[in-house]
2 protein chains.
Amino acid sequence: MPNQDDQHEKLTEAQDRFVASWGQMAGAWGISRTMAEAHSLLYITGKPMNTDEIMDRLQISRGNASMSIRALLDWGIISRTHKRGDRKEYFEADQDVWSMFRSIVRERIKREVEPLLATLFEIRDSSPAPDDATGDQQKELLAHQKRLEEMLSFMRTMEKLSHRFVSPSGSGLELAAKLLTKFDR
Amino acid sequence: MPNQDDQHEKLTEAQDRFVASWGQMAGAWGISRTMAEAHSLLYITGKPMNTDEIMDRLQISRGNASMSIRALLDWGIISRTHKRGDRKEYFEADQDVWSMFRSIVRERIKREVEPLLATLFEIRDSSPAPDDATGDQQKELLAHQKRLEEMLSFMRTMEKLSHRFVSPSGSGLELAAKLLTKFDR
DNA sequence: GGCTTGTTTCAATTTATTCTGAAACAACCA
DNA sequence: TGGTTGTTTCAGAATAAATTGAAACAAGCC
């Protein structure tokens, strides 16, 4: 029968593996490796931790820890807590994966989709009007306009779709997703 | 009334702006700036272009152009063409935004989600079994298991959902998306 | 005020990524 | 086969991004 230390060591090892594999995905999610690691550490341990504990566990500098934690707070996927009789700040991760995911989507729309949409509108408005041209040139301008419109319409559909998922009433996201996959093929 | 050269200059300018704004998003999408620029150039001009034309227009080196084009081919969002009487290879972008998007999702699932899922399964299997423990330790192991399971279940739902969108029969993606947003609030 | 504890900032450095340019390669032609 | 045109590769250079560590800052306490 395994003893307690054995068990604990294995647990820690599993946690570390979880953190590492999450860190690898960081790039894909548009956040830095440390951010991803800190977040996954808080998620998988389920325990509030302070800056020093995070530094020690991830072997990173104080500055890096501070900035990564700040960024996670800005993204809204971790939150501050306090322990009685301890002046340090503690941080904990949202334990609901779906709500965590919603926060990420919300933030990425704000940071990436919205600015791009704004630019696309600008470009459309500053593109030459097909009415003012004739013949082949007019065709070309019309085609250009069409491509812009299609991209715009796509982006707006995606934006609206995401907002739906993200909105307070959008907790249906989980249900919707499950339903969609349930009735597959 | 605007003359032809005026019009053409404005068109080129609009295209350049499109390419630039797309390039800015590159990081967020997990591809390099040049890849994004080359792709958006092919998309917005709608014309097949050869390596030299792309180099000139984007002001990049031959090596960079070659590698970026190759990567785009690998992602399946541009394709080769040829012109009669011209030995050069030409490249053109998929003009259907939705199918383009599907290719991207398909590729990202393959590159990011699937490996992560595999690792998560491994971690679950190598995590210590709660049965072997007692008391608080058992509680802790159970909580760990639960968090792993939730993450796994989330990722699998997402994977299935994406596969649905991506599958040949999944051309319904566009319709589904439009419907979902249509009946909003 | 001065002391202790905890947090943030940021210039300098390290690390990772992207890009260049020239050489190697490949395919065709006479 | 040698010449021409087009493409790919890759070591080194340039660029961008993340990280460190020490100093500055805050807040509480005596």
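Regarding the range A:70-88, can at least one residue be identified that is within 21 Å of the chain's Cα centre (by Cα), in contact (Cβ under 8 Å) with a residue 24 or more places away in the chain, surrounded by fewer than 18 Cβ atoms within 10 Å (Cβ to Cβ) and on the phi > 0 side of the Ramachandran plot? So far as the range A:70-88 goes, yes, one or more of its residues are within 21 Å of the chain's Cα centre (by Cα), in contact (Cβ under 8 Å) with a residue 24 or more places away in the chain, surrounded by fewer than 18 Cβ atoms within 10 Å (Cβ to Cβ) and on the phi > 0 side of the Ramachandran plot. For the range B:16-45, filtering for residues that are facing chain A (nearest Cβ under 8 Å), in contact with a Leu (Cβ under 7 Å, 6 or more places away or on another chain) and touching a residue at least 24 places away in the same chain (Cβ under 8 Å) leaves 0. With respect to (1) more than 10 Å from every other protein chain (Cβ to nearest Cβ); (2) open to solvent by less than 30 Å² (accessible area, probe 1.4 Å), the lone exception for residue A:5 is condition (2). Against the conditions (1) polar (S, T, N, Q); (2) more than 19 Å from the chain's Cα centre (by Cα); (3) under 26 Å from residue B:112 (Cα atoms), residue A:34 satisfies every one except (2).
Can you confirm whether residue A:36 is at pLDDT 95 or above, within 16 Å of DNA strand D (Cβ to nearest atom) and in contact with a Phe, Trp or Tyr (Cβ under 7 Å, 6 or more places away or on another chain)? Yes, satisfied.
Does residue B:55 meet the test of being surrounded by fewer than 21 Cβ atoms within 10 Å (Cβ to Cβ), modelled with pLDDT of 95 or more and within 16 Å of DNA strand D (Cβ to nearest atom)? Outline the logic, then answer.
Working: surrounded by fewer than 21 Cβ atoms within 10 Å (Cβ to Cβ): yes; modelled with pLDDT of 95 or more: yes; within 16 Å of DNA strand D (Cβ to nearest atom): yes.
Yes.
So which residues in the range A:102-135 are open to solvent by less than 50 Å² (accessible area, probe 1.4 Å) and either over 26 Å from residue A:151 (Cβ atoms) or in contact (Cβ under 8 Å) with a residue 60 or more places away in the chain (or both)? The answer is A:102, A:103, A:104, A:105, A:108, A:112.
Within the range A:10-26, identify whether any single residue is away from DNA strand C (no atom under 12 Å from the Cβ) and either more than 25 Å from residue B:152 (Cα to Cα) or exposed (fewer than 14 other Cβ atoms within 10 Å of the Cβ) (or both), and answer yes or no. The answer is yes; a qualifying residue exists. Screening the range B:75-100 for residues that are part of a helix (DSSP H, G or I) and more than 30 Å from residue A:19 (Cα to Cα) and picking the one that is farthest from the other protein chains (Cβ to nearest Cβ) gives B:99.
The values are calculated or read from the model by the stated rules, or taken from the named source; none is laboratory data. Here the structure is a predicted model, which means the values were calculated and not measured. Methodologically, a virtual Cβ is constructed for each residue, glycine included, from the backbone with ideal geometry; neighbour enumeration extends over all protein chains shown. Remember, those area values only see protein heavy atoms, side chains included, never the ligands or the DNA or RNA. Shrake-Rupley method; radii C 1.70, N 1.55, O 1.52, S 1.80 Å.
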